[in-house]
Amino acid sequence: MNGARSTRRACLRLLALGGSALLAGCAALPEAGPSTGAVINSGGAAKTPAGDAGYNFVALTEDAARCLNQASGDGGMAAAVRAFAALPPAAPLGRIGIGDLLEVTLWEPNPAGTTLLSPPGMNVSLRVDPSGMVELPYVGALSVAGRTPLSVERTIMAVLAGQGHNIQAAVLDAQAVSGTAIVQGEATRPGAYPLTAGAQSLLDLIALAGGSRLADYETIVRVSRGGGQAQAVLSDITGNPALDIPIAPSDAVLLLPRRLEFYAFGAVNHPGLFPYDSPDITLVQALAEIYGLQDNLAAPRGVFVYRRQPGAVQTVYQLNLSQAEGFFIADLFVVRPGDVIYVSDAPVADVSKVLQTISGISGVAGIPRNFGAGY
């Protein structure tokens, strides 16, 4: 007990005698990142153009936390809706496509007994080649891709009209390869699935493939069509009909794992990379995950969340835990995947570092945490 008091008196004496010299040395001390003042002063004020450091600065309040959560979710959803709407137009169902197998039947109902066909009827299987053509006996090369079987039947009969008596043709798309959509990736049953006439949506197709092996919020759904791509989180598609688009022939749907993490640095008890293993994680939950702030280093008003969003100005949000309502605000603010939580050092921590460097004092935790400074 006497030893601890002696250490404290020694520290206070050093501060009193050489305070200015000690604090002058703080600039040369190792730090985990910028000070509280540096983060606040370098960013632009909330809802104004970014500051010199290239980011907006927002001090969190209860109202701000609620608005930011809503705006962040709406922004991501709106971008996904625009991306899906920008996909190339879908080819209609019921059209012949490249790779399809056609079964063509020709026959001639002739009461006089003469016929072009011997025997009086012919069945031919034809695969549509990469140029969209087939080669049919008595007809020759025929372009069929993008046409309906009925249209091809009429063309065949028109070509053969002068070669026989009322020659008839029937065309069946026996293997409509182009009338399928492919599901790959994290689907339970990946593969090619035939599309039926009528409305078959993206969620219908995913259900046919057994759904995702991952949780909905952990699954990215990427749709590729005619050189265009769009993607959204599966949980967003489930909750928004505008994203549950009709599936078109030859669409490719890829289910990808969504890489979800957030990061923690600075004066926290457990810095590092952490899995984002819930649909939403509040700042209170994130702070609990990293075991809170370091008592002897952290500045209570220096809890920051760094966020970079595609197409938006990067933003730094400040939580002031020196305020009584700080934890209520933290419980409202949702941390997003990819966010960086940074806690700056308190000014007294720099003094402690100087004391340790000069005198090798190990009991600096006994120094009062706040010498009247509003950090």
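Values quoted throughout were computed directly from the atomic coordinates according to the rules given, and no laboratory measurement underlies them. Treat the numbers as computed from the prediction; the structure is a model and nothing was measured. Virtual Cβ from ideal backbone geometry, glycine too; neighbours counted across all protein chains shown.
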### Message
Give me the one-decimal nm value for the distance between modelled label points at residue 103 and residue 327, 7 Å along each residue's Cα-to-Cβ direction.
### Response
7.3 nm
### Query
Can you give the FRET efficiency for residue 192 and residue 308, using 1/(1 + (r/R0)^6), R0 = 45 Å, r = Cβ-Cβ distance, to the nearest 0.05?
0.75
### Message
For q values of 0.10, 0.18 Å⁻¹, compute log₁₀ I(q)/I(0) with the Debye formula on a Cα-only model of the range 214-336, without solvent.
### Response
-0.44, -1.01
### Query
How about the range 231-336: which trypsin sites (Lys or Arg not before Pro) there are in a DSSP loop, with at most 16 other Cβ atoms within 10 Å of their Cβ?
259, 308
### Message
For residue 85, project a label point 7 Å along Cα to C-beta. Then give me every residue of the range 243-274 with its amide nitrogen under 20 Å of that point.
### Response
243-248
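Starting from the coordinates of the alpha-carbon atoms of the range 123-239, obtain the Kirkwood hydrodynamic radius over all distinct pairs and give the value in Å to one decimal. Please report the intermediate quantities before stating the final value.
Values: mean 1/r = 0.0577 Å⁻¹.
The answer is 17.3 Å.
Restricting to Cα pairs below 8 Å that are 6+ residues apart, what does the relative contact order work out to for the range 122-262? Please round to a whole percent.
Numbers: 211 pairs, mean separation 28.9, N = 141.
That works out to 21 percent.
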